[in-house]
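Novice: One structure follows; several queries about it will come next.
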Amino acid sequence: MAKFKEKNKALKLRRKGESINDIAKKLKVSKSIVSLWCRDISLSPRQIKRLVEKQKIGSYRGRLKFLERVRNKRIKEAARLRKEGLKEIGKLSRRDIFIAGIAMYLSEGTTFPSKEEVSFSNSDPKVILFILKWFEEICGISNDRFAIQIRINKIHKKRIKKVENYWSKLTGIPLSQFTKTILIKVKNKKIYPNHNIYYGTVRVMVHRGTQLRRKINGWIEGLLNLPV
């Protein structure tokens, strides 16, 4: 189980200029874990100077600068590869969207053999918007046939209305088509650094979707029927 609470504390301490070693000691975790958590946090020259003076090690300044160069190199490489990826995708054709939707449904949609319902779950707003576009433009599903169900940790109980309004506004689906939000009870409460901008997981359901589900089954079979 990931130590979410400790990770959030480590990020705050690192942003204040604390050393990896000191953070590890305070939180009683390994230095390698703290280093992994904080690898994308950039230190200011003032913070680096403070750490150098605190450590009183001649090579420490060079090490910090080296790590900063490595971090900057990683960020630049990630940006370059992202740009290349966007260029390679280019403009999507209707068939591209058709195939992408099938693959996405296979991954996150209901595929139990014993059920013939059509539903899809995800927490990413862009993924939800994509699958709704797929249902509407590829599968011919009208807006009134959608039902939305939200699942979210019970620590967000006081935010239910805000969460429901967020998804309704994003998707264009009226609240009258939302089912009761499900509050998830978990033994270990996950601490989110972005608590107030977390909106749970959405399940998109299609009413009267039996025929569509049978067709989706065929699409999936055809997609996976690759030549040997």
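The values are calculated or read from the model by the stated rules, or taken from the named source; none is laboratory data. Computed from a predicted structure; not experimentally measured. Cβ: placed from backbone, ideal geometry, glycine included. Neighbour counts: every protein chain shown.
Novice: Against the condition modelled with pLDDT of 95 or more, part of a helix (DSSP H, G or I), assigned by TED's automatic domain parsing to the domain that holds I173 and hydrophobic (A, V, I, L, M, F, W, C), how does L106 come out, does it pass?
Specialist: Yes.
Novice: While we're looking at this one, here's another question. Quick one: in the range 173-193, of everything that is over 16 Å from K157 (Cα atoms) and surrounded by 11 or more Cβ atoms within 10 Å (Cβ to Cβ), which residue is modelled with the lowest pLDDT?
Specialist: Here the residue is P193.
Novice: If F120 passes every condition in (1) touching an Asp or Glu at 6+ places or on another chain (Cβ under 7 Å); (2) free of Cβ contacts under 8 Å to residues at least 12 places away in the same chain; (3) of a type outside the set (A, V, I, L, M) but one, which one does it miss?
Specialist: Result: F120 fails condition (2) only.
Novice: Looking at (1) among the β-branched types (V, I, T); (2) farther than 24 Å from Y105 by Cα; (3) over 17 Å from the mean Cα position of the chain (by Cα), can you tell me which one I197 breaks?
Specialist: (3)
Novice: Considering only the range 121-170, state which residues are of a type in the set (S, T, Y) and under 15 Å from L212 (Cβ atoms).
Specialist: Matches in the range 121-170: S142 only.
Novice: Out of (1) assigned to a loop (DSSP other than H, G, I, E, B); (2) modelled with pLDDT under 95, the odd one out for N196 is which?
Specialist: Status for N196: all satisfied but (1).
Novice: Being hydroxyl-bearing (S, T, Y), modelled with pLDDT of 80 or more and farther than 30 Å from W219 by Cα is the requirement here; does S35 meet it?
Specialist: yes
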